[in-house]
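Working notes for the structure below.
The values are calculated or read from the model by the stated rules, or taken from the named source; none is laboratory data. All of these numbers come straight from a predicted model, not from anything done at the bench. Ideal geometry is used to build each Cβ from the backbone, glycine not excepted, and the neighbour counts take in all protein chains shown. Protein only, heavy atoms only, side chains kept; ligands, DNA and RNA dropped before computing areas. Shrake-Rupley method; radii C 1.70, N 1.55, O 1.52, S 1.80 Å.
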Amino acid sequence: MAETILFWIFAVGSVLTALAVVFPPIPKARAPIHSAISLVACMFCIAALYAMLAAHLVAVLQVLVYAGAIMVLFIFVIMLLNLQADAETRARVSVAKVIGGVLAAGMGIALVAYIAKPEFTKPIGAAATAAQVDETYGTLKPIGRMLFEKYLLPFELASVLLLVAIVGAVIIAKRDPRTTFATEEERQRLYRERHGKKPMPGSRRRTPATANDGGHGHGHEEGA
Amino acid sequence: MTIGLEHYLILSAVLFSIGALGVLVRRNALVVFMCVELMLNAVNLTFVAFSRFRGDLDGHVMAFFVMAVAAAEAAVGLAIILALFRSRKTLNVDEADLMRH
């Protein structure tokens, strides 16, 4: 009985917080930080569901890796970009959004209708009741044994994947000194080094330092 | 009323659909990314639920791999978002549709 009540609490909680990720409840501020906080709450609800499914290791990893590492990375990026609600100030309704909403809702209805049919879970066997498991089920030791025996090759490939992702992220996020400059002075210095003459004032790219000023800049927005 | 496998599967289907809805409806690249993470979470819930009701541990290992892929995807994706914001000054996926500077 307690399991039923807990399931409904966390199921409703995860669905509500997931909806809050997509449609933040504060309509004026559609800033990404609201979605990020809602997603952290949703991940905690899902971690609780894992714990109810006796998936102890996965529940801990959900909190550590998803709510801890990945969401902190998201919030770092939000703070680094200093995003206001500018990217999506007005929640405009467009044809693409309507079509997307109808498609997603249709997919959800179709999935739920298909899963709810009793023939779906019958071939799995004893689907109405959970399988009998011993107390080591879902703990670190048996999963570790599986990782290093049955799934050794995928495990090693996952480590290679993570290494490639680290290198790729560093290369992609690195500032390209040929196209973006921290300051206007740096741009002019690099141009002089490369071409041996002063840059033409009219043909320069807008650098991040001046583009952020947006007209009421700091004086080095010299006349073009 | 006992909680069976289909309850967990329906819940994860609903969560997956909400994530897909967010990917299709929201225009902020960061929020689109968060919705992709939500979809991955829903898939993980399916793996773990099947694993529990079958009584084996393969689904847990699969959830572990999904988490590894999600971490790699978040790192690379957020780096792309940083580079995109640096060159375009926007995160709106409608305005960032050109593959050149």
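Selection of segment A:135-153 for residues being crowded, with 16+ Cβ neighbours inside 10 Å, out of contact with any Asp or Glu (no Cβ under 8 Å at 6 or more places or on another chain) and assigned to a helix (DSSP H, G or I) yields A:Pro142, A:Ile143, A:Leu147. Every test in (1) open to solvent by less than 80 Å² (accessible area, probe 1.4 Å); (2) assigned to a helix (DSSP H, G or I); (3) modelled with pLDDT of 80 or more is passed by A:Leu190 save one, and that test is (3). Out of segment A:43-64, which residues are open to solvent by 40 Å² or more (accessible area, probe 1.4 Å), touching a helix residue (DSSP H, G or I) at 6+ places or on another chain (Cβ under 7 Å) and closer than 19 Å to B:Met39 by Cα? Passing the criteria: A:Phe44, A:Val63. Scan segment B:28-49 for residues that are more than 7 Å from chain A (Cβ to nearest Cβ) and either over 16 Å from A:His56 (Cα atoms) or open to solvent by 30 Å² or more (accessible area, probe 1.4 Å) (or both) and the total you get is 10.
Residues that are farther than 27 Å from A:Val170 by Cβ and either within 9 Å of chain B (Cβ to nearest Cβ) or modelled with pLDDT under 90 (or both) number at least 2 in the following helices (runs of 4 or more DSSP H) confined to segment A:13-130: A:32-52, A:56-61, A:95-116, A:118-121.
Inspection of segment B:61-74 identifies at least one residue that is more than 30 Å from A:Glu135 (Cβ to Cβ), crowded, with 17+ Cβ neighbours inside 10 Å and among the small types (Gly, Ala, Ser). When residues in segment B:68-100 are screened for being in contact (Cβ under 8 Å) with a residue 24 or more places away in the chain, touching a helix residue (DSSP H, G or I) at 6+ places or on another chain (Cβ under 6 Å) and in a helix (DSSP H, G or I), 5 of them pass. Screening the candidates B:Leu84, B:Leu91, B:Leu21 for the property of being closer than 23 Å to A:Lys97 by Cα and more than 7 Å from every other protein chain (Cβ to nearest Cβ) yields one hit, B:Leu84.
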